[in-house]
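The values are calculated or read from the model by the stated rules, or taken from the named source; none is laboratory data. Nothing here was measured: the structure is a model prediction, and the numbers come from that model. Glycine gets a Cβ as well: all are built from the backbone with ideal geometry, and neighbour counts include every protein chain shown.
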Amino acid sequence: MSTFHFCSKMVKKKSRKRASLEKGYGPSQKYQLCQLFDFNEDSSLTCLSFVFTFGSVRRRWDSEQPSKKDTLKPKVSKIVGRALIVYHPGATGYIEEVAYAVGKALQTKGWEVLLDRANSKAISDLSDFNLLCVGSPTYSGSPRPPIVNYINRCSNLEKRACLVLTTGFHDPNESNKKLQNLLESKGGKVIGSLALFTKQKDQVDELTGEFVEKIAKLMESGTYLQRTLPSKYITERQTEQMDYLKSSKGVEKVL
């Protein structure tokens, strides 16, 4: 929804509640906005500033961000594997913090990790990587377009082990599942997913460390297990999936 349509919708909603307002108080839309939101003309600049700020933030949610390539090399003689982490930072950069926490945790396990933001210049040929990890913030229950476009551009995704990271204020699990479905539709093998709420920001290192510990063991053993953390926030359907995956039927070979 564009900023113009958003504002128009708010104005119409307010108008219905303020039926007693006189009709036709001038040709200026700015003056109408001020009247409907109980602003005077002197404070109209504040209203317009809010509108333009909201529009700017919304564009940042959905637009590609400049590349930010970073390589984390393990301090071991023999590298366990190579992982590529691609994410969209969104408006707050919370998912970027999560992506780096996962990358550093993998690094301590002997992995070489390459991180980058999702854009047209990000590496899309996965032939040199054992693991792909994608991350996105959640807005309106969906991942952001740049990360979706990136996955659609990826080549050699068939049978590639994948991780999904999402963050959100309300329910990051919904966008997490959408990214899982997209990766699997492209032939990827989702071996783990982590959905973190905004209120868990002070637990990032703890939760990502626990998550990577499980993933590292599964990769070393050649098996994979799909699981969403933290468990206290999982949905009823995810609880059923986890109960199933605890059985022997829930463990499969990574092809």
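Please go through the stretch 59-88 and pick out each residue that is in contact with a helix residue (DSSP H, G or I) (Cβ under 8 Å, 6 or more places away or on another chain), hydroxyl-bearing (Ser, Thr, Tyr) and in a loop (DSSP other than H, G, I, E, B).
The answer is 63, and nothing else.
Being in the same structural domain as residue 204 (by TED's automatic domain parsing) and at pLDDT below 95: is that true of residue 110 here? So that I can check it myself, show each step before the final result.
Details: in the same structural domain as residue 204 (by TED's automatic domain parsing): yes; at pLDDT below 95: yes.
Spelling it out, residue 110 is indeed in the same structural domain as residue 204 (by TED's automatic domain parsing) and at pLDDT below 95.
Matching residues to (1) out of contact with any Gly (no Cβ under 8 Å at 6 or more places or on another chain); (2) surrounded by fewer than 23 Cβ atoms within 10 Å (Cβ to Cβ):
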{"site": "63", "(1), (2)": "yes, yes"}
{"site": "74", "(1), (2)": "no, yes"}
{"site": "86", "(1), (2)": "no, no"}
{"site": "97", "(1), (2)": "yes, yes"}
{"site": "105", "(1), (2)": "no, yes"}
{"site": "109", "(1), (2)": "yes, yes"}
{"site": "116", "(1), (2)": "yes, yes"}
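Being crowded, with 23+ Cβ neighbours inside 10 Å, touching a helix residue (DSSP H, G or I) at 6+ places or on another chain (Cβ under 9 Å) and outside any strand (DSSP E or B) is the filter here, so list the residues in the stretch 131-150 that pass it.
Selection gives 138, 143, 144, 146, 147.
Among the numbered criteria (1) closer than 18 Å to residue 65 by Cβ; (2) β-branched (Val, Ile, Thr); (3) at pLDDT 95 or above, which one does residue 102 miss?
Residue 102 satisfies all of (1) closer than 18 Å to residue 65 by Cβ; (2) β-branched (Val, Ile, Thr); (3) at pLDDT 95 or above except (1).
Which pairs have Cβ atoms under 9 Å, sit 6 or more apart or on different chains, and link a residue in the stretch 68-81 that is within 9 Å of residue 109 (Cα to Cα) to one that is of a type in the set (Val, Ile, Thr)?
The qualifying pairs are 74/80; 74/108; 74/113.
Scan 160, 117 and give me the residue that is assigned by TED's automatic domain parsing to the domain that holds residue 210 and modelled with pLDDT under 95. Before you say what the answer is, go through the steps one by one.
Numbers: 117 fails: modelled with pLDDT under 95.
160 is the lone residue from the list that is assigned by TED's automatic domain parsing to the domain that holds residue 210 and modelled with pLDDT under 95.
Across the stretch 108-130, what is the number of residues that are assigned to a strand (DSSP E or B) and closer than 17 Å to residue 97 by Cα?
As a first pass, look at the stretch 108-130 and keep what is assigned to a strand (DSSP E or B): 111-117, 125.
This time we only want the ones that are closer than 17 Å to residue 97 by Cα, so: 113-117.
Residues flagged as assigned to a strand (DSSP E or B) and closer than 17 Å to residue 97 by Cα within the stretch 108-130 amount to 5.
Among the candidates 181, 173, single out the residue that is part of a helix (DSSP H, G or I), modelled with pLDDT of 95 or more and not aliphatic (A, V, I, L, M). Write out each step before concluding.
Working: 173 fails: modelled with pLDDT of 95 or more.
Matching residue, one of 181, 173: 181.
Within the stretch 182-202, work out how many residues are under 13 Å from residue 101 (Cβ atoms) and loosely packed, with under 14 Cβ neighbours inside 10 Å. Working first, answer last.
To start, the set of residues in the stretch 182-202 that are under 13 Å from residue 101 (Cβ atoms) comprises 194, 196, 200-202.
Add one more test, that the residue is loosely packed, with under 14 Cβ neighbours inside 10 Å, and what stays is 201-202.
Adding up the residues that qualify gives 2.
Checking residue 193 against (1) at positive phi; (2) at pLDDT 90 or above, which test does it fail?
In the conditions (1) at positive phi; (2) at pLDDT 90 or above, residue 193 misses (1) alone.
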